[in-house]
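Right, one structure below, let's go through it.
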Amino acid sequence: MTANKIKLVAAATILLGTVSTAQAGFVTTSTAAPIKSTIDIVPTNDFKAIFAGLGVTKYTLGASLGLESAGTVSYYYYGKEAGYANVFTSGSLSYDTGYTPSMQNYFAAPKLIGSLDVGAGLLDFKFCAFSSPGHKEGCVTNQQNDLYGLGSFQSIAYSVLGNTAWLFWDDSGAGPDDNHDDMLIKAVFTPKAVPEPATLGLLGLGLLGTWVGSKRRQRKA
């Protein structure tokens, strides 16, 4: 077998081997104390029943949210139960809940905040709380959240399932009450476009077919 044919077979083998490769999605990471912990959504979370209907019953505290590969993240606002105005910011995107009404529920028609192209690694976003205009109570970034667990003055909880992540903000305006329902964001990840498995499979088989046909023609000659 010539060097070129060896390369052809090797390329086909690699392509065929990638057919079953799954796309990576969101992950929660924890590198600092307290180590992340996953608990049931607490009973005082006003959206607990709605989340249960969506199959979301737990969230993770003391962690940061990241991605295993590059792609696009789209953020949606779903609601809040808070007297504070809470603000979510990521890159050029921002959403302000306002102070009133204190209960906001947009699960039937989520509000698109926008989409950003991102790389693998920790995501760059933050939540901020305002008790009144011009009076900022504080902010927590995704990176900082790794340091904060249940009982922190302000923190973010995460619930991750593949390419979907729920972000639960607690502004601690009544406490800390630790119910993480003061601002609810859903993040949806779309991986960077790659050849579809079917296309890869056909290309790999085509390469193998080319090599087999070449061998047959050589034998006839």
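Any read-out appearing in this document is the output of simple, stated calculations on the displayed coordinates, not a laboratory observation. Just so it is clear, the model here is predicted, and its values are computed rather than measured. Here the Cβ positions follow ideal geometry from the backbone for every residue, glycine too, while neighbour counts run over all protein chains shown.
Could you work out the equivalent-ellipsoid semi-axes for segment 26-191, taking the square root of 5 times each eigenvalue of the Cα gyration tensor, largest first, in whole Å?
21, 18, 17
Net charge around Y78, counting only other residues with Cβ within less than 11 Å of its Cβ (Lys, Arg = +1; Asp, Glu = -1)?
Charge balance near Y78 sits at +2.
Taking a label point 7 Å from the Cα of Y76 along the Cα→Cβ vector, which residues of segment 38-54 have an amide N closer than 13 Å to it?
Within reach of a label on Y76: 54.
Taking the Cβ of each residue in C139, C128 as the centre, tally the other Cβ atoms inside 10 Å and list the residues starting with the fewest.
If I rank by nearby Cβ atoms, fewest first, I get C139, C128.
Could you please report the charge total around V118, scoring K, R as +1 and D, E as -1 over all other residues with beta-carbon less than 10 angstrom from its beta-carbon?
-1
With each pseudo-label sitting 7 Å past Cα toward Cβ, what's the D177-F107 distance in nm, one decimal?
1.7
Multiply the residue gap between S69 and A193 by 0.36 nm, knock off their C-alpha separation, and tell me the result in nm, one decimal place.
My answer for the length gained is 43.5 nm.
By count of other Cβ within 10 Å, fewest leading, how are T28, T141, T57, T44 ordered?
The most exposed by this proxy come first: T57, T44, T141, T28.
Net charge near A52, counting Lys/Arg +1 and Asp/Glu -1 over other residues with Cβ under 12 Å of its Cβ?
+1
Let me check against my output: what whole-number percent is the relative contact order of segment 26-191, with C-alpha pairs under 8 Å and at least 6 apart?
29
Could you give the length gained by full extension between T57 and D124, i.e. 0.36 nm per residue of separation minus their alpha carbon distance, to one decimal place?
Extra length available between T57 and D124 comes to 21.6 nm.
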